[in-house]
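As structure tokens, the structure follows; a few thoughts come after it.
What follows is calculated from the coordinates using simple rules that are stated; it is not laboratory data. Quantities reported herein were computed from a predicted structural model and do not represent experimental measurements. FYI the Cβ positions are ideal-geometry reconstructions off the backbone, even for glycines, and counts take in every protein chain you see.
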Amino acid sequence: MNITLNIFIFLILGLIVGSFLNVVIFRIDDLKSIINTRSHCQSCRKIIAWYDLIPFLSFFILRARCRNCGQKISVQYPLVEGTTAILFVFLYLMYGLSWNLFFYLIVFSLLLVIFVYDLKTQTVPEILVWTVLVFSFLFGWYFGGFGIINMLLGGLVAGGFLYLLVYSSKEKWMGAGDVKIGLILGFLTGYPRAIFALFFAFIFGSVVGLMLIYFKGKNLKTAIAFAPFLIFSTLFSLTYGQVLINWYLNLFISR
Ligand SMILES: [Zn+2]
């Protein structure tokens, strides 16, 4: 199979899935409406024509405004669609055409919904989190290639650590929802990589937190959603974790 053609296919597939994920994010509190209702303008309620529903492109063709009433269209649409497309191509390049790819495409698509939802609302959508948690628990050890024991250890380390943080701070630093995301991180990366993944999530969170304080004048008490960092770190550790660990160990061995 031609790799360029495959990249193109996964790009298009990602854009299409991304536009579906947008609908899920907007309507997650009313899951039935995802199937029952056709896409309509949030402002004038007019049903959107098929030619204005092209993922990513329509937003720019319409110059971010509804064709009917001129109301602004949320930038979330192209952002989520573009990110999903990049995610799909990236995972394809990491795993090739395989069952692993299929598994991680599903898992990270759902995690992307949780990611965006948490950024918007500072809460995680329970039903989705539980779905990913069960899914990771059932298959994480198999597709991660580290076995059931290491998966359970990974969940214990990451979930346990976050549990201690959440309950020792009485949910001031992060919410109970983050414990479940921590479990997902542990199940997907396994022991010992889960330690690295957790560590990286905190580093990344601190850097972004400091940037927000510096550029946006936020203070330390302003809650920032932590689930996005856990999710990003899971993806990073899964794909590049081993490379980084090897590099780090080599620093000591080569001396
Ligand atoms: Zn409108």
(Q) I'd like the Karplus ³J(HN,Hα) series for region 123-132: coefficients 6.51, -1.76, 1.60, θ = phi - 60°, whole numbers in Hz, and an x wherever there's a Gly or Pro. (A) 10, 9, x, 3, 4, 6, 4, 5, 4, 5
Q: Please give the peptides 177-189, 111-123 ranked by average Cβ packing (other Cβ atoms within 10 Å per residue), highest first, as a rough proxy for protection.
A: 177-189, 111-123
Q: In nm, give the distance between the simple-model label positions of residue 171 and residue 20, each being 7 Å from the Cα along the Cα-to-Cβ direction.
A: 3.3 nm
Q. Mind listing the phi-derived Karplus ³J(HN,Hα) values for region 236-244, rounded to whole Hz, using 6.51, -1.76 and 1.60 with θ = phi - 60°, and x for any glycine or proline?
A. 5, 5, 5, 8, 10, x, 5, 4, 5
**Q.** Long pairs among 120/180; 72/120; 32/172, criterion Cα-Cα beyond 22 Å
**A.** 32/172
(Q) Quick query: amide H of residue 40 versus all other amide H atoms, modeled in the peptide plane; which residues come in under 5 Å with a sequence gap of 5 or more or a different chain? (A) 48
Q: Sequence neighbours fewer than 8 away in the same chain don't count; with that in mind, list the aspartates and glutamates whose C-alpha is under 13 Å from residue 216.
A: none
Q) Hey, how many Å between the Cα centroid of region 100-153 and the Cα centroid of region 159-201? A) 13 Å
**Q.** Peptides 65-73, 136-144 ordered by average Cβ neighbours within 10 Å, highest first
**A.** 136-144, 65-73
Q) aspartates and glutamates near residue 170 by alpha-carbon distance under 14 Å, same-chain residues fewer than 8 away left out - which ones? A) 178
